[in-house]
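The values are calculated or read from the model by the stated rules, or taken from the named source; none is laboratory data. All values reported here derive from a predicted model rather than from experimental measurement. Here Cβ is always computed from backbone atoms with ideal geometry, including for glycine, and neighbour counts include all displayed protein chains. Surface areas here come from the heavy atoms of the whole protein model, side chains and all, with no ligands, DNA or RNA. Shrake-Rupley method; radii C 1.70, N 1.55, O 1.52, S 1.80 Å.
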Amino acid sequence: MNAQLNVGDEIFLDIKRIGINGEGIGYYKKLAIFVDGVLPKENVLVKITKLYRGYATAELVELKTPSKDRVEPFCPYYTKCGGCSLQHVSYEATRDIKRDILMESITRYTKINPRSFEIKPTILMEDPHNYRAKVNLPAKNGMHGAVFGLYAPNSEKFIRIKGCSVQNDSINQIMDEVAKGNSKYHIIEVMACPGGCVAGAGTLLPVDLAAKVVGRYQSEAKTTTPLESPYRDRGEHLD
């Protein structure tokens with residue numbers, strides 16, 4: 001028992017802010033409650049799922065008062081896979097959300113006074129779709145080739161996907177090419193570039209050839225470890 005709550009209880013919450021993983025945070029008698037898929041200034045009915053020392057998690061039951069920044073996710077897999085966490089909020093609003101998370105992190109984890117310097121406004125992309133130039137995707141053996149997907153949030157459940165709305169179109173094309181071929185592939189790693197794709201050792205190749213090269217290298221390696229590339233250390237951010 002925690003703050004007079006039990007698992008399964010349904011309560012109303014006013015969401016105050018967004019956490020580092022994209023979850024909404026509200027408070028019940030000073031107890032922080034984390035809820036996926038909700039936004040600041042929303043009033044929601046939630047069901048408590050887990051209780052911890054100092055906080056709890058809950059799932060959304062009913063959205064009572066939606067935020068003006070709430071939008072319909074553009075990806076058909078958004079509510080199933082664990083790839084993205086903020087597609088239910090407008091792209092413009094994510095700029096302020098991420099700035100707030102940065103400021104809170106500086107305040108909480110450093111001795112720097114955030115008022116002692118200026119954080120300039122984030123420059124938004126013209127189009128927040130198909131921009132991601134690198135991806136590591138788990139794959140399983142299908143009836144006719146490799147089946148690509150992502151894992152559901154906080155689980156090992158494999159969610160099959162046919163392309164990704166935030167990946168570069170060249171990567172989606174490679175997924176299609178590999179899926180048509182050999183079923184021995186486990187994980188594919190490529191990086192989209194103008195005129196082609198970087199695959200394997202970093203060679204610029206056309207899309208169809210990149211798919212074959214990555215598949216051949218991975219098949220010969222007989223491993224589920226992603227291929228090494230000169231771009232690996234540049235970071236992989238889900239959102």
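So that you can scan it fast, the table gives a plain yes or no per residue for (1) closer than 17 Å to residue 88 by Cβ; (2) in contact with a helix residue (DSSP H, G or I) (Cβ under 9 Å, 6 or more places away or on another chain):
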residue: 8; (1), (2): no, no
residue: 19; (1), (2): yes, yes
residue: 31; (1), (2): no, no
residue: 46; (1), (2): yes, no
residue: 58; (1), (2): yes, no
residue: 66; (1), (2): yes, no
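State all residues of the range 133-162 that are farther than 28 Å from residue 59 by Cα and at pLDDT 85 or above; if no residue qualifies, say none.
The answer is none; no residue qualifies.
Being among the charged types (D, E, K, R), assigned to a strand (DSSP E or B) and in contact with a strand residue (DSSP E or B) (Cβ under 6 Å, 6 or more places away or on another chain) is the filter here, so list the residues in the range 61-71 that pass it.
The first filter runs over the range 61-71 and keeps only residues among the charged types (D, E, K, R), leaving 62, 64, 68-70.
Filter once more, keeping what is assigned to a strand (DSSP E or B): 62, 64, 70.
Those that are among the charged types (D, E, K, R), assigned to a strand (DSSP E or B) and in contact with a strand residue (DSSP E or B) (Cβ under 6 Å, 6 or more places away or on another chain): 62, 64.
Residues of the range 29-60 being among the hydrophobic types (A, V, I, L, M, F, W, C) and assigned to a loop (DSSP other than H, G, I, E, B), which ones?
38, 39, listed by residue number.
So that you can scan it fast, the table gives a plain yes or no per residue for (1) of a type outside the set (A, V, I, L, M, F, W, C); (2) within 22 Å of the chain's Cα centre (by Cα):
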residue	(1), (2)
21	yes, yes
25	no, yes
32	no, no
35	no, yes
41	yes, no
48	no, no
51	no, no
55	yes, no
58	no, yes
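Residues that are more than 17 Å from residue 87 (Cα to Cα), open to solvent by 30 Å² or more (accessible area, probe 1.4 Å) and not basic (Lys, Arg): list the strands (runs of 3 or more DSSP E) wholly contained in the range 100-179 that include at least 2 such residues.
Of the strands (runs of 3 or more DSSP E) lying wholly inside the range 100-179, those with at least 2 residues that are more than 17 Å from residue 87 (Cα to Cα), open to solvent by 30 Å² or more (accessible area, probe 1.4 Å) and not basic (Lys, Arg) span 134-141.
Is it true that some residue in the range 1-9 is farther than 28 Å from residue 151 by Cβ, open to solvent by 40 Å² or more (accessible area, probe 1.4 Å), among the hydrophobic types (A, V, I, L, M, F, W, C) and modelled with pLDDT under 95?
So the first thing to find is which residues in the range 1-9 are farther than 28 Å from residue 151 by Cβ, and the list is 1-6, 9.
Going one step further and asking which of them are open to solvent by 40 Å² or more (accessible area, probe 1.4 Å), we end up with 1, 4, 6, 9.
Now narrow it down to the ones that are among the hydrophobic types (A, V, I, L, M, F, W, C): 1.
Next, only the ones that are modelled with pLDDT under 95 stay: 1.
Yes: one or more hits.
Take the conditions closer than 21 Å to residue 19 by Cβ and open to solvent by less than 90 Å² (accessible area, probe 1.4 Å) and apply them to residue 90. Does it pass?
Taking the combined requirement at face value, the residue satisfies it.
Can you tell which of 44, 35, 61 is surrounded by fewer than 16 Cβ atoms within 10 Å (Cβ to Cβ), within 30 Å of residue 149 (Cβ to Cβ) and modelled with pLDDT of 95 or more?
Of 44, 35, 61, the one residue that is surrounded by fewer than 16 Cβ atoms within 10 Å (Cβ to Cβ), within 30 Å of residue 149 (Cβ to Cβ) and modelled with pLDDT of 95 or more is 61.
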